[in-house]
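Structure first, commentary second.
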Amino acid sequence: MDIEYCQSDDCFFPVAIAWSLADGRMKTVVIEPDESWLPDDGDPPDIDVRYLREQGVPLIELAQVLHEDLPDQTIYVDGLDPDESLVDLIFDAVNMDAPFELAPVEELITTLDRSAIDDWRRSIMFQHGLDPQLPENGVYALLMLAEQEGLIETVDQPDEQPDEQPDDL
């Protein structure tokens, strides 16, 4: 899983999220912000709130889909972002508990230390021309890491369907 977010002096909230499923599919959504997340004195810098409101998935729908897709699972994240706080924001806004537990990818890939995993991830992003600001690319890079470690089957390009994956990221 990877979550992109807005952070400024006045606000902190998720704007997009991507996750993979055990069958290899990947889901990505833009998130409609909760009004309580937005600053009172105008839009946050570098975020098109109008776009998020028009194109974003309502939080209740997102929470329901995450409950359907990821029940009682350990979900791996890159650990570079405040993922747990962002997940809490999503589920607190709709008065639900998250159906999964987050864990840093180094708990899945135990043969490398944190620094080596970060370097490897950046290298994969660069080699494949992936924009690190897109959450689906973050998930794809994590899947590639897991594949290279022999933890999952072959990972296809983001637009294609990977064969099978034992864990969700």
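The values are calculated or read from the model by the stated rules, or taken from the named source; none is laboratory data. Everything quoted here is computed from the prediction, not taken from an experiment. All Cβ positions, glycine included, derive from the backbone under ideal geometry; neighbour counts span all protein chains shown. Accessible surface is based on the protein model in full, side chains and every heavy atom, while ligands, DNA and RNA are left aside. Shrake-Rupley method; radii C 1.70, N 1.55, O 1.52, S 1.80 Å.
Of (1) in contact with a Pro (Cβ under 6 Å, 6 or more places away or on another chain); (2) open to solvent by 30 Å² or more (accessible area, probe 1.4 Å); (3) within 30 Å of ILE152 (Cα to Cα), ASP72 satisfies all except one. Which?
Of everything listed in (1) in contact with a Pro (Cβ under 6 Å, 6 or more places away or on another chain); (2) open to solvent by 30 Å² or more (accessible area, probe 1.4 Å); (3) within 30 Å of ILE152 (Cα to Cα), ASP72 misses just condition (1).
Looking at (1) open to solvent by less than 20 Å² (accessible area, probe 1.4 Å); (2) within 21 Å of PHE91 (Cβ to Cβ); (3) of a type outside the set (Gly, Ala, Ser), which one does PRO44 not meet, given that it meets all the others?
(2)
Go through ARG50, ARG25 for me and flag whichever is more than 19 Å from ASN137 (Cα to Cα) and open to solvent by 90 Å² or more (accessible area, probe 1.4 Å).
Only one candidate qualifies: ARG50.
Only one of GLU153, GLU84 is at negative phi, at pLDDT below 90 and open to solvent by 70 Å² or more (accessible area, probe 1.4 Å). Can you tell me which?
None of the others qualify; the one that does is GLU153.
Could you please let me know if GLN7 is polar (S, T, N, Q) and at pLDDT below 95?
yes
Going through the range 31-41 one residue at a time, which ones are within 30 Å of LEU143 (Cα to Cα) and open to solvent by less than 40 Å² (accessible area, probe 1.4 Å)?
ILE31, PRO33 - these are the residues of the range 31-41 that are within 30 Å of LEU143 (Cα to Cα) and open to solvent by less than 40 Å² (accessible area, probe 1.4 Å).
Which residues, counting only those in the range 1-10, are over 10 Å from the mean Cα position of the chain (by Cα) and open to solvent by less than 10 Å² (accessible area, probe 1.4 Å)?
CYS6
Pick from LEU66, LEU59, LEU21: which is closer than 28 Å to MET144 by Cα, under 16 Å from the mean Cα position of the chain (by Cα) and at pLDDT 95 or above?
Of the residues listed, the single one that is closer than 28 Å to MET144 by Cα, under 16 Å from the mean Cα position of the chain (by Cα) and at pLDDT 95 or above is LEU66.
When the residues of the range 119-136 are narrowed to those that are touching a residue at least 40 places away in the same chain (Cβ under 8 Å) and open to solvent by less than 60 Å² (accessible area, probe 1.4 Å), which ends up nearest to ILE47 (Cα to Cα)?
Applying the filter and picking the extreme gives PRO135.
Within the range 81-108, how many residues are more than 20 Å from ALA16 (Cβ to Cβ) and of a type in the set (Phe, Trp, Tyr)?
Within the range 81-108, residues that are more than 20 Å from ALA16 (Cβ to Cβ) and of a type in the set (Phe, Trp, Tyr) number 0.
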